[in-house]
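First comes the structure, then the notes that go with it.
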Amino acid sequence: MKCPFCGHGENSVVDSRLGRDSVVIRRRRECEACKKRFTTYERIEELLPNVVKKDGRREPFDRMKVISGVKKACEKRPVSLETIELLVDQVEHRLQEAGEAEVPSTRVGEEVMKQLVKLDQVAYVRFASVYRQFKDIGEFMSELEGLAGKA
């Protein structure tokens, strides 16, 4: 593990503890060269499926891409980064449960929307408007009316 401050490769673990969800281990480290402290997080690498894009390309599931998209949808909303990470954990878990080697990108988006609609309806509408690429205002209004009917 390289020090993020000086790039030195040697450090020692000062403290370790389980994260709130008991899936992540939080480690406080101290660089042996500059003596600055930094935190790392360890999680078990679980096998996630490849994502099949709309154009047929295949790429590994990228947690950071999903977090980025959800963060954009939740901008200026009362949703913490921790909550966003839990949402993405749930999406990952659902994809792992399916046990498939490949999933279409549409399925990843639908899983995100299932979680977002329960979390924050404004963030859900933002995400859906980009993800579903509504062709006209009628499609968008139809989605809003469906959401209003559930409330």
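Inter-label distance, residue 42 to residue 94: 3.1 nm, where each label sits 7 Å from its Cα along the C-beta direction.
In this Cβ point-charge picture (+1 for Lys and Arg, -1 for Asp and Glu), the chain has a dipole of about 560 debye about its Cα centre.
Sorted largest first, the spans of the alpha carbon positions of the chain along the three principal axes are 61, 35, 27 Å. How far, in degrees from 0 to 90, does helix 81-98 lean away from the longest principal axis of the Cα atoms of the chain, to the nearest 10? Helix 81-98 sits roughly 70 degrees off the main axis of the chain.
Legend: residue pairs 36/118; 35/65; 54/118; 2/118, Cα-Cα distance threshold 29 Å; pairs beyond threshold, 36/118; 35/65; 2/118. The aspartates and glutamates within cross-link reach of residue 53, meaning a Cα-to-Cα straight distance under 18 Å and a gap of 8 or more places when in the same chain, are 62, 92, 100, 102, 110, 111.
Entry note, the chain: relative contact order of 15 percent, from Cα contacts under 8 Å with a spacing of 6+ residues.
Placing a pseudo-label 7 Å from each Cα along the Cα-to-Cβ vector at residue 33 and residue 133 gives an inter-label distance of 4.6 nm.
Just checking the listed ones, 65, 118, 36: in the Gaussian network model of the chain with Cα springs under 10 Å, the one fluctuating most is 36. With θ taken as phi - 60° and the Karplus curve 6.51 cos²θ - 1.76 cosθ + 1.60 applied, the whole-hertz 3J(HN,Hα) list for the stretch 114-129 is 4, 6, 5, 4, 7, 8, 7, 5, 5, 4, 4, 5, 4, 5, 4, 5 Hz, x standing for glycine and proline. Fully extending the segment from residue 67 to residue 2, taken as 0.36 nm per residue of separation minus the present Cα-Cα distance, adds 21.0 nm. With a 10 Å cut-off between alpha carbons and a GNM built on the chain, which of 132, 28, 77 moves the most? The residue that fluctuates most here is 28.
When the Gaussian network model of the chain links Cα atoms closer than 10 Å, the mean-square fluctuations of 89, 55, 120 top out at 55.
Read-outs throughout are calculated quantities, based only on the coordinates presented, and are distinct from any laboratory measurement. Because the structure is a prediction, the values reported are computed rather than measured. All Cβ positions, even for glycine, are placed from backbone atoms using ideal geometry, and neighbour counts span all protein chains on display.
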